[in-house]
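Below: the structure, in structure tokens.
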Amino acid sequence: MSADANIIYEGPITMTRKGIGFFPVGEDTEDLLIPSEWTNHALSGDIVKVAPAGAYRDPSGRMPPRAAGKVVEIISRARETFVGTLIEENGLTLLAPDYKKMHVPIVIMDRGNAHLGDKLLVRLGEWPADKEYPLGTIEEVIGKAGVHETEMRALALGQGFASDFPPGAVADAEYLEKHGRLTLADEAKNPKRRDFRGIATCTIDPFDAKDFDDALSVRALPDNTTEVGVHIADVSFFVKPGSALDKEAVHRATSVYLVDRTIPMLPEILSNDLCSLRPNEDRLAVSAVFTLDGDARILDTWFGETVIHSKKRFTYEEAQEVLDAGTGVMHAELSTLLDLSKKIRTSRQAKGAIEFDTAEVKVKLNAEGKPIAITLKERKETNLLIEDFMLLANEAVAKYLSELTANGGPHFASLYRVHETPDTDRIENLAHFLRVLGYNLKTQAGRVTGAELNRLLEGVKGKPEEYLIKTATLRSMAKAVYATKNIGHFGLGFDFYTHFTSPIRRYPDLVIHRLIKAHAGGVPITPQEMQEFDTLALHASEREVAASDAERDSIKMKQVEFLADKVGQEFDAVISGVTERGLYVEEQTTHADGMIRIKDVGDDYFEYDEKHYRLVGRRTKKAFQLGDPIRVKLIAARIPEKELDFVPAT
């Protein structure tokens with residue numbers, strides 16, 4: 001099938017570093033190639049209108065003719081600002097953007113007090129049709145490139161996250177500083193709120209957590225059942241729709257967690273004080289309360305506004321110590337919660353929830369921001385305990401709101417966290433890849449069950465290729481996103497799922513709290529607000545990806561910095577990717593990614609065998625295959641680019 005020559009297409013364009021564009025025109029159709037001279041100065045991610053332009057023939061003859069297009073209009077820019085380093089080249093003062101998909105520098109006409117080598121935040125300006133580069137104006141001088149503080153702020157600003165709050169949000173926060181505690185104390189007396197202050201309640205969080213947005217209460221009921229309350233900070237009590245605080249929270253949509261700092265969605269008075277479920281203080285919550293039988297089956301649920309009083313703030317480690325020792329503060333309650341959580345997890349796995357359990361990298365920094373240790377975060381039973389009850393609450397709330405909206409009441413919209421069934425081609429590619437590695441993934445017409453994926457993941461535990469197969473399986477999955485139309489969550493095996501448990505750091509959770517209150521006879525959600533849910537879902541999904549990219553880049557930068565003084569040393573690695581350009585490898589101690597360029601692979605002409613994910617020497621027949629362990633020597637560590645270069649150790 002080819003693109004219809006009479007149609008003007010509209011959608012996002014993807015650009016390569018060489019300035020060539022690609023534009024999708026249908027699932028079964030090859031993307032239109034947009035030669036650099038026909039891109040009309042479009043940038044990667046821009047929403048554009050494209051007209052088919054016949055076949056494009058590569059002047060070099062290296063590429064067969066393929067369907068081409070021409071950008072006829074740029075509807076909207078994906079990015080209005082760019083972060084980069086100020087340089088001089090051919091008599092021009094330029095911003096060299098950090099964003100790798102920005103394929104051209106930006107001309108700076110007025111550098112003000114910025115110096116060469118400074119990191120800047122620049123707003124994109126005019127780009128005349130006859131000019132090679134766009135113009136830009138400096139919005140902020142971030143600092144000298146290469147300095148820890150500069151680079152961390154640059155990563156956040158590059159993804160559109162600023163630490164400072166705008167004046168309106170600051171004014172709202174200052175009002176809460178003065179009046180918030182009194183308002184909270186008054187509201188705690190509200191008889192409409194269910195009072196949990198007399199019931200054993202605790203929080204369990206990482207040791208370095210600044211905000212505690214979820215707490216668990218537990219008590220035995222007379223009929224051998226157990227009541228478990230999942231209590232979530234009532235952010236919606238303080239953050240009203242349309243306020244300056246609310247508008248900024250919508251704009252940010254999420255908190256960002258870099259290696260050395262948090263850029264919060266909400267000001268500190270809320271995130272670390274009024275909305276933080278601190279021990280030995282009354283706090284407002286929105287709660288999901290479950291009556292569970294001995295097998296952790298739900299007998300009854302209740303959703304609504306509460307007031308709680310946490311007895312203890314545990315770290316994951318402290319709670320684990322109490323459980324391991326068999327005695328200590330709240331030992332009986334923690335034991336009950338652990339027993340129930342294991343049964344909840346078993347039930348979830350039986351329904352096909354995929355247990356990826358991927359390891360997270362933890363970077364330890366010294367006072368100057370230099371990385372001094374890189375480890376993998378250990379997931380304890382207490383981590384899983386909290387996860388199990390949060391998933392239980394999220395699923396139950398989604399089901400509850402779905403039933404209410406289906407009844408055609410005055411509030412007919414909700415937000416869901418959805419995860420599509422994997423693309424059939426991706427699953428077939430994964431199955432092929434696994435066969436190459438000696439594993440059989442049962443599929444049917446490109447479909448796979450969660451149970452089958454769990455069988456695979458269980459089968460590779462402890463093996464050298466475990467990390468690789470987990471990564472490849474994850475990559476074959478669709479990304480979870482926010483949506484107003486519920487299609488279920490494939491990865492969790494849930495028919496209904498939403499985000500309810502983290503309103504301090506995720507805006508969609510705040511919306512869910514408002515919906516719960518509206519359905520309970522509180523402030524109604526206006527039709528206009530509900531009409532904006534689709535836009536909000538898309539925006540929150542995009543901001544989540546941007547935050548994730550910033551977080552991953554901050555770790556990557558510190559991994560490269562950690563290895564920078566180890567150039568010349570040898571390391572154990574695993575081949576994590578194979579392309580015609582060379583081998584991607586993952587160093588096994590720090591889990592840092594790097595590359596062996598094809599010219600450095602060995603003393604032979606190596607060819608890319610795409611079917612078997614390997615490079616093969618034409619003369620020696622020596623093969624380097626995906627998943628193979630490999631001893632490598634580090635030859636370059638480029639901190640600004642966050643890139644490592646390796647060669648095979650001899």
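Coordinate-derived values only; no laboratory data. Small disclaimer: the values here were computed from a predicted structure and weren't measured. All Cβ positions, even for glycine, are placed from backbone atoms using ideal geometry, and neighbour counts span all protein chains on display.
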* Structure fact -> Kirkwood Rh for the stretch 81-145 from C-alpha pairs, in Å, is 11.5
* Asked: Taking N as the number of residues in the stretch 465-542, what value does Rg over Cα atoms divided by 2.2 N^0.38 Å take?
  -> 1.37
* First select every other residue whose beta carbon is under 14 angstrom from the beta carbon of residue 610; then total the charges, Lys and Arg +1, Asp and Glu -1. => 0
* Give a residue-ordered list of calculated ³J(HN,Hα) values for the stretch 131-138 (Karplus: 6.51 cos²θ - 1.76 cosθ + 1.60, θ = phi - 60°; whole Hz; x for Gly, Pro). => 9, 6, 10, x, 8, x, 10, 6
* Asked: Which loop trypsin sites (Lys or Arg not before Pro) in the stretch 150-234, with loop taken from DSSP, have no more than 11 other Cβ atoms within 10 angstrom of their Cβ?
  -> 189, 192
* At q = 0.16 Å⁻¹, what is the base-10 log of I(q)/I(0) for the stretch 567-648 according to the Debye formula with one equal point scatterer per Cα and no solvent? Please give it to two decimals. => -0.54
* Structure fact -> To the nearest 0.05, the calculated FRET efficiency linking residue 171 and residue 650 through their beta-carbon distance, R0 being 56 Å, is 0.30
* Work out Dmax and Rg for the chain from the C-alpha atoms and quote the Rg first, both in angstrom. => 26.8, 83
* Structure fact -> Taking the alpha-carbon centre of each part, the distance from the stretch 28-68 to the stretch 361-394 in Å is 44
* Structure fact -> Ordered by fewest other Cβ atoms within 10 Å, a rough proxy for footprinting exposure, 498, 473 read 473, 498
* When only C-alpha pairs under 8 Å and at least 6 residues apart count, what is the relative contact order of the chain, in percent? -> 10
* **Three principal axis lengths of the stretch 454-586 [C-alpha, angstrom, descending]** => 66, 37, 28
* Structure fact -> Of all trypsin sites (Lys or Arg not before Pro) in the stretch 335-367, the ones in DSSP coil with at most 16 other Cβ atoms within 10 Å are 351
* Structure fact -> Counting sequence-distant residues (5 or more places) and residues on other chains, those with an amide H built under 5 Å from that of residue 630 are 573, 574, 575
* **Amide proton proximity set for residue 48, modelled H, under 5 Å, gap of 5+** => 11, 13, 75
* Contour minus end-to-end for residue 612 and residue 75, with contour as 0.36 nm per residue of separation and end-to-end as the Cα-Cα distance? -> 189.2 nm
* **Anisotropy class of the stretch 324-370 from Cα gyration tensor, a/c 1.5 cut** => oblate
* Asked: When only DSSP loop residues count, what trypsin sites (Lys or Arg not before Pro) in the stretch 66-114 have their Cβ near at most 16 other Cβ atoms within 10 Å?
  -> 77, 100, 101, 111
* Asked: In nm, what is the difference between 0.36 nm times the number of residues separating residue 63 and residue 474 and their Cα-Cα distance?
  -> 144.8 nm
* For the chain, give the magnitude of the charge dipole about the Cα centre (Cβ charges: +1 Lys/Arg, -1 Asp/Glu; no others), in debye to the nearest 20. => 840
* Convert each backbone phi in the stretch 573-579 into a coupling constant with the Karplus relation 6.51 cos²θ - 1.76 cosθ + 1.60 (shift: θ = phi - 60°), then list the ³J(HN,Hα) values in order as whole Hz, x for Gly and Pro. => 9, 10, 6, 9, x, 9, 9
